[in-house]
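A short worksheet on the structure shown next.
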Amino acid sequence: MAEVGSLEAELQLAEEGVKSLINALSGSLGGFVSSSVLFPLDLIKTKLQSGQGWKEISDIVSNSEYGYLVLWKHGHVRGVQSSIEKFLYFYNFEMLMQMYK
């Protein structure tokens, strides 16, 4: 009977680990998507705050061979950075919540 109890405990620990991993992956994906979508807006905001007006931004877009896609240039770096940050945050958060239940 002791084996059944320990097996159930191990199964419960495994389920909690999978739950933490799923939450971490969900946070990671959400971080990547939000950073990728909002990166051009953040770039435009930064350009406007630095004193460059809409004329400068439109010149950057019109003079580029990529057109509006130039606004996402190097955005993947921010997306990967954000996804790693969110993965670590949510994984650690879930593990700490399970420890203190």
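The values are calculated or read from the model by the stated rules, or taken from the named source; none is laboratory data. In this text the structure is predicted, and so the values were computed from the model without any measurement. Neighbour counts run over all protein chains shown; Cβ positions are idealised from the backbone, glycine included. The protein model used for the area step is the full one, side chains on, heavy atoms only, and it has no ligands, DNA or RNA in it. Shrake-Rupley method; radii C 1.70, N 1.55, O 1.52, S 1.80 Å.
Structure values in brief
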{"read-out": "Of residues in segment 12-39 being open to solvent by 100 Å² or more (accessible area, probe 1.4 Å) and more than 30 Å from Val77 (Cα to Cα), the one modelled with the lowest pLDDT", "value": "Leu13"}
{"read-out": "Neighbours by Cβ (under 9 Å, 6+ apart or cross-chain): first from segment 90-101, in a helix (DSSP H, G or I); second at pLDDT 90 or above and loosely packed, with under 14 Cβ neighbours inside 10 Å", "value": "Phe90/Ser26"}
